[in-house]
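Trainee: Structure below; questions to follow.
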Amino acid sequence: MRTLAFALRNTKEIIRDRLNLIFGIGFPVAILLLLTAIQANVPVELFVIDHLTPGVAVFGLSFVALFSGLLIAKDRSSSLMLRLFTSPLTSRDFIFGYTLPLFPMAALQIIFCFAFAVILGLKVNLNTLLSIVVLLPAALLFISIGLLCGSIFDEKQVGGICGALLTNLSAWLSGTWFDLDLVGGAFKKVAELLPFKHAVDAGRAAMSGAYQNIMPHLWWVIGYAVAMTIIAILVFTKKMSSDA
Amino acid sequence: MIAIQTKNLTKTYKNKTAVNALNLSINQGELFALLGVNGAGKTTTIKMLSCLIKPTSGDAEVLGHSINKEPFAVKQQINVSPQETAVAPNLSVRENLEFIAGIYGNDRKTSIEKANKMIASFGLSGIEKDKAKTLSGGWQRRLSIAMALISEPKMLFLDEPTLGLDVIARRELWQVIEGLKGKITIILTTHYLEEAVALSDRIGIMARGELKAAGTADELMKQAGMDNFEDAFIKIAGEGGSGV
């Protein structure tokens with residue numbers, strides 16, 4: 001009940017911040033449009049739509065991380081949070097109260113991205129739907145990264161870390177824009193240790209019908225998402241006393 | 001019956017002692033004002049008693065529960081109206097009230113009923129649909145106190161409730177606070193001496209983290225050998241140097 005009451009408040013905050021909502025959903029669509037236009041004018045297969053869509057969907061989620069980080073950082077700096085810290089809300093209520101409304105927003109972003117890809121030529125079949133489902137744990141991962149950053153940093157710092165660092169990490173180390181084998185070496189090894197490439201590969205495996213390849217990648221994403229959520233709860237607990 | 005009993009309550013930050021071995025007793029239903037110059041330790045005391053921060057040493061029993069061992073039980077019975085106006089700016093007056101009722105475990109129906117009651121008793125009906133950020137400072141404070149009371153606390157902490165308000169808004173808020181006297185225990189911090197004298201049953205004067213004296217306004221004037229409360233306050237709070 002307490003978590004739901006807090007989630008309802010956060011839902012209202014998110015819905016009323018239309019600029020972020022439009023930007024979050026619109027950005028992946030703009031990227032898809034741009035890269036498809038490039039593909040139409042080059043003779044080689046650079047950005048094939050069924051390969052590109054899961055990657056752009058994952059990249060778009062980095063803006064959900066930015067959004068969730070800003071939401072929690074902004075709240076932490078307000079006196080409303082002081083009032084909430086003296087209430088019976090626990091740090092778990094806080095983290096889940098933020099995650100619950102952000103998850104549908106992230107899912108909506110993925111669906112919009114795929115829907116626009118269909119307009120650009122992506123075929124709709126069961127694998128397309130499966131790919132959307134497979135990307136949902138990545139949504140949780142990015143939300144938890146945002147919440148962790150928002151629990152540690154202030155509004156300005158979150159803008160830099162989630163807005164610049166995370167978007168670049170998820171862009172370069174996910175294999176969305178180029179094959180990581182082309183770079184190889186330490187770059188590829190680092191990419192394989194991080195969850196972004198695995199999130200994209202799981203989505204691509206689902207899209208191509210290579211079902212046996214989904215879970216080995218998805219476990220990385222789920223593992224990181226669970227770990228990040230637990231760390232966010234622990235950090236938020238610590239911050240509850242130091243922010244007071 | 002005793003509502004608050006502190007036992008050598010102490011808070012230190014690195015080399016600075018914010019509150020030093022505070023021993024204070026407050027009765028149930030009493031309106032107790034904590035006075036002191038900036039840095040006297042008033043807000044730190046309130047933060048410890050409302051379980052926002054942990055004491056470095058010592059303990060306090062709030063409504064029969066230890067703030068060190070049973071903070072959750074304490075939080076369920078108290079509420080706080082922080083120094084700055086602690087409202088959710090993008091929510092309406094009604095939504096703010098229902099939100100706070102919800103995080104104290106009330107279901108939707110009960111939250112609506114309690115919000116109706118608060119709107120009626122605080123005269124908020126004309127502005128119930130207005131977003132909190134559009135209200136004047138006086139109305140925001142009034143809402144902030146209504147939010148603190150919607151959980152039906154047995155104890156209310158009011159931290160500088162009239163700070164920054166014009167004289168009319170301040171007097172209106174005094175009426176609200178006077179209406180609560182005797183019904184619940186109220187701990188009030190303020191810089192305005194006349195406010196403490198007008199509203200409180202007893203007054204505690206803090207200086208440099210220590211409770212210098214406690215009693216009714218008349219008792220404190222008698223103790224200091226002064227004819228007016230301001231002189232009594234200056235004498236008691238200034239004993240042993242200003243500490244600046």
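The values are calculated or read from the model by the stated rules, or taken from the named source; none is laboratory data. Just so you know, these numbers come straight off a predicted model, no measurement behind them. Glycine gets a Cβ as well: all are built from the backbone with ideal geometry, and neighbour counts include every protein chain shown. Protein only, heavy atoms only, side chains kept; ligands, DNA and RNA dropped before computing areas. Shrake-Rupley method; radii C 1.70, N 1.55, O 1.52, S 1.80 Å.
Trainee: Using only the alpha carbons of the protein assembly as shown, determine the length spanned along each of the three principal axes and report them from longest to shortest in whole angstroms.
Mentor: Largest to smallest, the principal-axis extents are 96, 50, 35 Å.
Trainee: Which value, in nm² and rounded to one decimal, describes the direction-averaged projected area of the C-alpha convex hull of the stretch A:2-243? Write down the numbers at each step before the final one.
Mentor: Details: hull surface 53.2 nm².
With the hull built on Cα positions only, its mean projection is 13.3 nm².
Trainee: Over chain B, calculate the relative contact order: mean separation of alpha carbon pairs under 8 Å at least 6 apart, over the residue count, as a percent. Intermediate results must be reported in sequence, preceding the final value.
Mentor: Numbers: 458 pairs, mean separation 63.3, N = 244.
That works out to 26 percent.
Trainee: Please state the relative contact order of the stretch A:2-243 as a whole percent: Cα pairs under 8 Å, 6+ residues apart? Before the final figure, lay out the partial values.
Mentor: Details: 324 pairs, mean separation 67.9, N = 242.
Reported as a whole number, the value is 28 percent.
Trainee: Taking the Cβ of B:Glu172 as the center, what net charge do the other residues with Cβ under 15 Å away carry, scoring Lys and Arg +1 and Asp and Glu -1?
Mentor: Values: positive: B:Arg141, B:Arg142, B:Arg170, B:Arg171; negative: B:Asp166, B:Glu178, B:Glu195.
Value of the local net charge: +1.
Trainee: I'd like to compare A:168-177, B:32-41: which one has the highest average count of other Cβ atoms within 10 Å, and what's the full order after that?
Mentor: Working: A:168-177: 19.5, B:32-41: 21.6.
Result, highest mean first: B:32-41, A:168-177.
Trainee: Something else about it: Output ³J(HN,Hα) for the stretch B:96-107: one whole-Hz value per residue in order, computed from phi by the Karplus curve 6.51 cos²θ - 1.76 cosθ + 1.60 with θ = phi - 60°, and x for Gly and Pro.
Mentor: 4, 5, 5, 4, 5, 4, x, 6, 9, x, 7, 6
Trainee: Show log10 I(q)/I(0) for chain B at q = 0.12 Å⁻¹, two decimals, from a solvent-free Debye sum over equal Cα scatterers.
Mentor: Rounded to two decimals, the profile gives -0.69.
Trainee: In the calculated pair distance distribution of the stretch A:118-244, what percentage of Cα-Cα distances lie above 25 Å?
Mentor: Above the 25 Å cut-off, the stretch A:118-244 has 34 percent of its Cα pairs.
Trainee: Let me ask another. In nanometres, what is the gap between the two model label sites at B:Ser121 and B:Trp174, each 7 Å from Cα along Cα-to-Cβ?
Mentor: 2.2 nm
Trainee: If r is the Cβ-Cβ distance from A:Asn213 to A:Asn168 and R0 is 35 Å, what FRET efficiency results, to the nearest 0.05? Walk me through the intermediate numbers first.
Mentor: Working: r = 27 Å, r/R0 = 0.76.
So, using R0 = 35 Å, E works out to roughly 0.85.
Trainee: Rg and Dmax of the stretch B:67-182 over Cα atoms: what are they, in angstrom?
Mentor: Using the Cα atoms of the stretch B:67-182, the pair Rg, Dmax is 13.8, 43 Å.
Trainee: Taking a probe of 1.4 angstrom, what is the accessible area of A:Asp50 in Å², to the nearest 10?
Mentor: Near enough 70 Å² of accessible area.
Trainee: Moving on. Cut-off under 18 Å on the C-alpha distance; same-chain residues fewer than 8 positions from A:Lys123 excluded. Which aspartates and glutamates are left, in chain and number order?
Mentor: Once the sequence-local aspartates and glutamates are set aside, what remains near A:Lys123 is A:Glu45, A:Asp50.
Trainee: With a 1.4 Å probe and all protein chains kept in place, how much accessible area does B:Asp130 have, in Å² rounded to the nearest 10?
Mentor: It works out to around 60 Å².
Trainee: Would you kindly calculate the mean projected area, averaged across all directions, of the convex hull enclosing the Cα atoms of the stretch B:1-97, in square nanometres? Numbers along the way, then the final one.
Mentor: Values: hull surface 30.8 nm².
Across all orientations, the stretch B:1-97 yields a mean hull projection of 7.7 nm².
Trainee: Using the Cβ atoms and a cut-off under 15 Å, what net charge is assigned to the surroundings of B:Lys183, where Lys and Arg are +1 and Asp and Glu are -1? Could you put the intermediate results ahead of the total?
Mentor: On the way: positive: B:Lys117, B:Lys154, B:Lys181; negative: B:Glu30, B:Glu152, B:Glu178, B:Asp201.
Residues close to B:Lys183 contribute a combined charge of -1.
Trainee: Right, next: Per-residue Cβ counts within 10 Å, from other chains only, averaged over B:97-108: what number is that? Don't jump to the answer; show the numbers that get you there.
Mentor: Values: counts 0, 3, 7, 6, 1, 9, 15, 6, 5, 3, 3, 4.
Per residue, the number of nearby Cβ atoms from other chains is 5 on average.
Trainee: Answer rounded, prolate or oblate for the stretch A:84-189, using the Cα gyration tensor with square roots of eigenvalues a ≥ b ≥ c: rounded when a/c is under 1.5, else prolate when a/b is larger than b/c, else oblate. Spell out each step's value before the answer.
Mentor: Details: a/c = 2.56, a/b = 1.37, b/c = 1.86.
It comes out oblate by the Cα gyration axes.
Trainee: Another question, then. Collect residues whose amide H, placed 1.01 Å from N in the peptide plane, falls under 5 Å from the amide H of B:Ala207; neighbours closer than 5 in sequence don't count.
Mentor: The list, which skips near neighbours in sequence, is B:Lys212.
Trainee: What residues qualify as long-range amide H neighbours of B:Val80, i.e. H under 5 Å apart, gap of 5 or more or another chain, H built at 1.01 Å from N?
Mentor: The list, which skips near neighbours in sequence, is B:Phe157.
Trainee: A follow-up question, please. Please determine, in degrees from 0 to 90 and to the nearest 10, the orientation of helix A:214-242 with respect to the longest principal axis defined by the Cα atoms of chain A, where the helix direction is its Cα long axis.
Mentor: Once rounded, the angle reads 20 degrees.
Trainee: Now, a different point. Filter the trypsin sites (Lys or Arg not before Pro) in the stretch B:146-183 to those in DSSP coil with at most 12 other Cβ atoms within 10 Å of their Cβ, and list the result.
Mentor: Numbers: sites: B:Lys154, B:Arg170, B:Arg171, B:Lys181, B:Lys183; in loops: B:Lys154, B:Lys183.
Answer by residue number: B:Lys183.
Trainee: What does the average come to when, for each residue of peptide A:5-13, you count the partner chain Cβ atoms lying within 10 Å of its Cβ?
Mentor: Across the residues of A:5-13, the mean count of other-chain Cβ atoms within 10 Å is 5.
Trainee: Further question on the same structure: Over all directions, how big on average is the projection of the convex hull of the alpha-carbon atoms in the stretch A:99-156, in square nanometres? Present the calculation step by step, with values, prior to reporting the outcome.
Mentor: On the way: hull surface 19.3 nm².
Mean shadow area of the hull around the Cα atoms is 4.8 nm².
Trainee: Separate question: Count charges around B:Ile53 for me, please; just the other residues with Cβ under 9 Å from its Cβ, Lys/Arg as +1, Asp/Glu as -1. Each step should come with its number before you reach the end.
Mentor: Details: positive: B:Lys11, B:Lys47, B:Lys54; negative: none.
Result for the neighbourhood of B:Ile53: +3.
Trainee: Let me ask something else about it. What do you get for the angle between helix A:195-208 and the principal long axis of chain A? Use alpha-carbon atoms, 0 to 90 degrees, nearest ten.
Mentor: 50 degrees
Trainee: Still on this model: Using the crude model of +1 on Lys and Arg Cβ and -1 on Asp and Glu Cβ, and no other charge, please compute the dipole size for the protein assembly as shown relative to its Cα centre, in debye to 20. Please report the intermediate quantities before stating the final value.
Mentor: On the way: 46 positive and 40 negative charges, 95 e Å.
For this selection, approximately 460 debye.
Trainee: Let me ask something additional. Ordered by residue, what ³J(HN,Hα) values in Hz, to whole numbers, does the stretch A:131-147 give under the Karplus form 6.51 cos²θ - 1.76 cosθ + 1.60, where θ = phi - 60° and Gly and Pro are x?
Mentor: 4, 4, 4, 5, 7, 4, x, 5, 4, 4, 4, 5, 4, 5, 4, x, 5
Trainee: Quick one: accessible surface of B:Arg202, probe radius 1.4 Å, all protein chains present, in square angstrom to the nearest 10.
Mentor: Counting only protein heavy atoms, the figure is 60 Å².
Trainee: Relative to the first principal axis of the alpha-carbon coordinates of chain A, what is the inclination of helix A:2-16, with its axis defined by its Cα atoms, in degrees from 0 to 90 and to the nearest 10?
Mentor: Taking Cα atoms only, the helix is inclined about 60 degrees.
Trainee: Moving to a separate point now. What does the charge dipole of the stretch B:20-144 about its Cα centre add up to, to the nearest 20 debye, if the Cβ of each Lys and Arg holds +1 and the Cβ of each Asp and Glu holds -1?
Mentor: Values: 15 positive and 11 negative charges, 61 e Å.
Charge dipole of the stretch B:20-144: 300 debye, to the nearest 20.
Trainee: Here's a follow-up. How would you rank B:43-49, A:95-101, B:162-168, highest first, on the average number of other Cβ atoms within 10 Å across their residues?
Mentor: Working: B:43-49: 24.9, A:95-101: 21.9, B:162-168: 14.3.
In decreasing order of mean packing, B:43-49, A:95-101, B:162-168 become B:43-49, A:95-101, B:162-168.
Trainee: Within a 10 angstrom radius of each residue's Cβ in B:45-52, how many Cβ atoms of other chains show up on average? Whole number is fine. Intermediate values should be presented prior to the final figure.
Mentor: On the way: counts 0, 1, 5, 1, 1, 5, 4, 8.
Partner Cβ neighbours, averaged per residue: 3.
Trainee: Once the dipole of the stretch A:2-243 is set up with Lys and Arg at +1 and Asp and Glu at -1 on Cβ about the Cα centre, which of A:Gly163, A:Gly150, A:Leu61 lies farthest towards its positive end?
Mentor: Going by the charge dipole, the pick is A:Gly150.
Trainee: Separate question: Amide H to amide H, which residues 5 or more places from B:Ala3 or on other chains are under 5 Å from it, using H placed in the peptide plane?
Mentor: Amide H to amide H, under 5 Å and 5 or more residues apart or across chains, B:Ala3 pairs with B:Ile26, B:Asn27, B:Gln28.
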